[in-house]
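Computed from the coordinates by the stated procedures, all read-outs in this text should not be read as laboratory data. What you see is a predicted model, and the numbers here were worked out from it, not measured in a lab. Every residue, glycine as well, gets a Cβ built from its backbone with ideal geometry; the counts of neighbours run over all protein chains shown.
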Amino acid sequence: MGSKKVRTLSIFLLVVIMMLGGGILSRAGNVYIVGTSADYPPFEWVDGNGNYVGFDMDVMRSIAILEGFKIDIKDIGFDALIPALQSGKIDIIAADMTITAERAKVVTFSDPYWASNFGVLVRKGSGLNIVTALSQGHKVGAQTGTTQADFLDNLKKSGINVQMKLYETNDLAIMDLLAGRIDTFLGDLPVANAFAKAHPDKLVEAGVIHTGGNAGFAVKKGDPKGILPLIKDGVSKLHSTGIWDNLVKAYFTGNLDKITACYAKYKHFLDSGEPAKYAAGLASCMTEK
Ligand code: ARG
């Protein structure tokens, strides 16, 4: 009798230990799917070797290393990101997504990480300024489902004579701007800057619209998988280790043309789990003369 009880108890304990162990192990091996719209340098785009690069991508990779999980990046249309999060196809949105009250009803956002001001891009020599670029019947391109699209919608509703052309990806809008099929491109400021720098003799910034908004990372409403605390802790580690500053330096002050070579050169530090060395290497490589 007595020994049977002991045996039952020890089997019970064994099961508990296995469950706990399994829980810990499975947490360490968790793979979270990061959804993005990889058409938005310097936040996320595809380099010459087909790698997802950009500030958001490297912030996520670095957090994953520091917090002990794995990520898999999926490039889907910006307007499909929230539905994909809701249906569980992705776990995290990292897409320079601006925190809005409307979105916050259906997803849960991290703390804000970047200001969401708009840059207004026009062709050099067009003579358009920030006011005329967005009025007088001019054609303005923006990405479907974005705060820029909402902004243009509101301009129209308030009676301003502006035509809006929406694109699945921002690359297509820039192609149309270069070709003269639209007059103006509206995007987040660092993105407008990046596109202007990529076509210095063709494009120029007409001005900045200060929106007061900020971007955040998003997870499924209510964060059922407990991902937000990992992001929060990860971001604070990025700040305290200098990784954040180096990624900012690389992507917001560096020469984005260098990304293919620089990512190839320093990527091995991500593979070996050393994000600080990666970020320091990338920052110096991207800003080297
Ligand atoms: N910040 C804007 C928004 O949230 C545009 C973001 C577009 N992001 C992208 N990866 N294409 O609506």
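Report the residue, chosen from Thr169, Thr211, Thr147, that carries the largest GNM mean-square fluctuation when the chain is represented by alpha-carbon nodes joined by springs under 10 Å.
Thr211
Once you have all Cα-Cα distances for the chain, histogram them in 10 Å bins from zero and send the whole-percent values.
Computed distribution, short to long bins: 6, 26, 30, 20, 9, 4, 3, 1, 1, 0.
Express the C-alpha Rg of the range 58-157 as a ratio against the empirical globular expectation 2.2 N^0.38 Å, rounded to two decimals.
Compactness ratio reported: 1.36.
If every alpha-carbon in the range 203-249 counts as one equal scatterer, what log10 I(q)/I(0) does Debye give at q = 0.15 1/Å?
Log10 I(q)/I(0), no solvent term: -0.65.
If amide hydrogens are placed 1.01 Å from N in the peptide plane, which non-local residues have theirs closer than 5 Å to the one on Ala206?
Val120, Leu121, Val122
For each pair in Lys70/Lys221; Lys139/Lys258; Lys74/Lys277; Lys74/Lys289; Lys202/Lys265, compute the distance between the two Cα atoms and list the pairs where it is over 29 Å.
Lys139/Lys258; Lys74/Lys289; Lys202/Lys265
With a 10 Å cut-off between alpha carbons and a GNM built on the chain, which of Pro190, Pro200, Pro275 moves the most?
For the chain, modelled as a Gaussian network with Cα springs under 10 Å, the answer is Pro200.
Residue by residue through the range 240-249, what is 3J(HN,Hα) from phi via Karplus (6.51 cos²θ - 1.76 cosθ + 1.60, θ = phi - 60°)? Round to whole Hz and write x for glycine and proline.
6, 9, x, 5, 4, 4, 5, 5, 4, 4
Quick check: convex hull of the Cα atoms in the range 81-214, volume per residue, rounded to a whole Å³?
Spread over its residues, the Cα hull of the range 81-214 gives 109 Å³ apiece.
What is the distance in Å between the Cα centres of the range 169-194 and the range 123-162?
12 Å
Post the alpha-carbon centroid distance, the range 261-276 to the range 56-77, in whole angstrom.
Measuring centre to centre over Cα atoms gives 14 Å.
In the chain, if the dipole is taken from +1 on Lys/Arg beta carbons and -1 on Asp/Glu beta carbons about the Cα centre, which of Asn193, Ala95, Asn117 is farthest to the positive end?
It is Ala95.
May I ask for the angle, rounded to the nearest 10°, between helix 55-67 and the longest principal axis of the chain, with both axes built from Cα atoms and the value confined to 0 to 90°?
10 degrees
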